[in-house]
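Let me begin by presenting the structure, written as structure tokens, before commenting on it.
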Amino acid sequence: MKVAVAGCCHGALDKMYETLELLQRRHNVRPDLLLCCGDFQAVRNEADLRCMAVPAKYRHMQTFYRYYSGEKKAPVLTVFIGGNHEASNHLQELPYGGWVAPNIYYLGYAGVVRFRGVRIGGISGIFKSHDYRKGHFECPPYNQQTIRSAYHVRNIEVFKLKQLKRPIDIFMSHDWPRSIYHYGNKKQLLKMKSFFRQEVENNTLGSPAASELLQHLKPTYWFSAHLHVKFAAFMQHETTSKEELPKATKFLALDKCLPHRDFLQIIDVEHDPSAGDSLEYDAEWIAVLKATNSLVNVTQSTWNMPEKNSLYAKWDYSVTEEAVKEVLEELNHDLTIPYNFTLTAACYDPSKPQKHMEPVHTINPQTTEFCAQFGLTDINDRIQQAKEEGSGRGECEEEEEEEMDSTGSAEEPSEYNTDNSGLSSFNPDEIMLDEEGGDEDLSTCSVDPSPDHPPEFSTSFSDIRIMPDSMAVSSDDATDSNNEELEKSGGSKQVEERSSTERSLKRIGGDENGNSGVKKIKRRNQAIYAAEDEDK
């Protein structure tokens, strides 16, 4: 089947879907599924805008609200993960995933689903070491700290995903797995983004948690976004035993969904032709959620996941075939995800703007139903209980009683040496950020809906590429001894009226330095937002 993959959407749903329709008209290519790698921005109203970690002047309504209200419907099944510029209050309603609009499904903090027999997993947010070992304690109305920590990856989500044993076909993360740049064309990457050089040379660019998952899950495809640059890589995994078959991951990072090239990619993925067209639960993932339910934490306290040592009576939470069968029996062998989308907030009305609408903590009926069906903890209900009980570590107040230093945990050092998950060097293409100044007022909101008639697309149709099973890396600086073998895996066909070229697939060897401590530099994220951001 054909799968379309998009980078940072930034709420431009009309642009994204119109591009897919243009693809069908011009090239007779119709994707069966659309994946979005974060910064989706499922903004329903003005209150949601206040829950995005961007300055007020960049809080634009965009077009998601039209799909939420039912005015429009996504023309293709869309599955997405969260990034670091989201309506966090909306996504927080669905920690285990769910429908945010008709035909648009969010994977949750972490999740695995199936479509036509293809197993798709993902993890939302970006990595920051100082929040990694905390629980999901945040809830709206957010303060200046929690509006950012709400989208930071937690160790419990990584731990859950590491319990999976069955193969993953596709995996998505917002930030890149650390070190993946050593398996692609680093020369070309640094030519386009020279300000990445320090992080690449020190091996600190990207998420160490995502890298850990990449090495464990070894999916066939891994898609990311976040850094707003197109980049492909091919990673051959080491085998851990003689019985294990060699595995490789084709990595692709996409550019942002704006008037830029390469924000969308089409790939062909093997699927089960006998499978239906419904999105389905993954039985093993549901079993893992049940097995790890006791580990759910909704406090700011930092703690480690169980490890194989004398401190823990149990450290292996992977599930047996019997546990998977029990899930199947509970569902009567019908894994179809129910279409139980409901409106949980007022939808934006251009004729009646409400610039002072306040965000509220909402418990979504989809989550309530999901937790009741599988005996899981409703994280938002637990947070609400802690709030009502007056727990200092569970409350959502304007000022937190205990603030952690931005460089790490107060209790003990992070298990990772650095937390540079994004660009931390100066980006000449972007606007300077002043991290010493005051934060943007979260009570203000600039509502600027997108025009009803967006500009015509470029006749060059340069926003789309069609890529076969072998994803390509342009590698004019390739010197690795394995290049000749990797070239046989094929090239990339570009859907572009200007030209069509074949690019060979090669792995670029590179020095992999240890995670040595480096002086942190102010992060520049000016390509989209000029917000003051503690995410250094």
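The values are calculated or read from the model by the stated rules, or taken from the named source; none is laboratory data. Keep in mind the model is a prediction, meaning the values are calculated, not measured. Please note: Cβ atoms are built from the backbone with ideal geometry, for glycine as well, and neighbour counts cover all protein chains shown. Ligands, DNA and RNA are stripped out before the accessible areas are found, and what is left, the full protein with its side chains, is counted by its heavy atoms. Shrake-Rupley method; radii C 1.70, N 1.55, O 1.52, S 1.80 Å.
Is it fair to say LEU217 is touching a residue at least 24 places away in the same chain (Cβ under 8 Å), open to solvent by 10 Å² or more (accessible area, probe 1.4 Å) and not basic (Lys, Arg)? Spell out the reasoning first.
Values: touching a residue at least 24 places away in the same chain (Cβ under 8 Å): yes; open to solvent by 10 Å² or more (accessible area, probe 1.4 Å): yes; not basic (Lys, Arg): yes.
In short, yes.
For (1) open to solvent by 60 Å² or more (accessible area, probe 1.4 Å); (2) at pLDDT 95 or above, each residue gets a yes or a no:
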| site | (1), (2) |
| --- | --- |
| ALA291 | no, yes |
| LEU295 | no, yes |
| TRP303 | yes, no |
| PRO306 | no, no |
| TYR317 | no, yes |
| GLU322 | yes, yes |
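Go through the range 148-168 and report how many residues are of a type in the set (D, E, K, R), part of a helix (DSSP H, G or I) and within 23 Å of PRO306 (Cα to Cα).
Keep residues of the range 148-168 that are of a type in the set (D, E, K, R), which gives 148, 154, 157, 160, 162, 165-166.
Restricting the remaining residues to those that are part of a helix (DSSP H, G or I) gives 148, 157, 160.
Within this subset, residues satisfying the condition of being within 23 Å of PRO306 (Cα to Cα) are 157, 160.
Of the residues in that region, 2 qualify.
Only residues that are within 24 Å of the chain's Cα centre (by Cα) and in a helix (DSSP H, G or I) were counted in the range 7-36, giving 8. Residues that are under 30 Å from LYS57 (Cβ atoms), within 25 Å of the chain's Cα centre (by Cα) and either modelled with pLDDT under 95 or outside any helix (DSSP H, G or I) (or both) are absent from the range 377-395.
Do we have any residue at all in the range 109-126 that's surrounded by fewer than 24 Cβ atoms within 10 Å (Cβ to Cβ), without any contact (Cβ under 8 Å) to a residue 40 or more places away in the chain and either more than 17 Å from ASP48 (Cα to Cα) or touching a Ser or Thr at 6+ places or on another chain (Cβ under 7 Å) (or both)? Checked the range 109-126: no residue is surrounded by fewer than 24 Cβ atoms within 10 Å (Cβ to Cβ), without any contact (Cβ under 8 Å) to a residue 40 or more places away in the chain and either more than 17 Å from ASP48 (Cα to Cα) or touching a Ser or Thr at 6+ places or on another chain (Cβ under 7 Å) (or both).
Scanning the range 158-180 for residues that are among the acidic types (Asp, Glu) and open to solvent by 10 Å² or more (accessible area, probe 1.4 Å) yields a count of 1. Per the listing ASP282, ASP272, the residue uniquely over 30 Å from GLN62 (Cβ atoms), under 21 Å from the mean Cα position of the chain (by Cα) and in contact (Cβ under 8 Å) with a residue 60 or more places away in the chain is ASP282.
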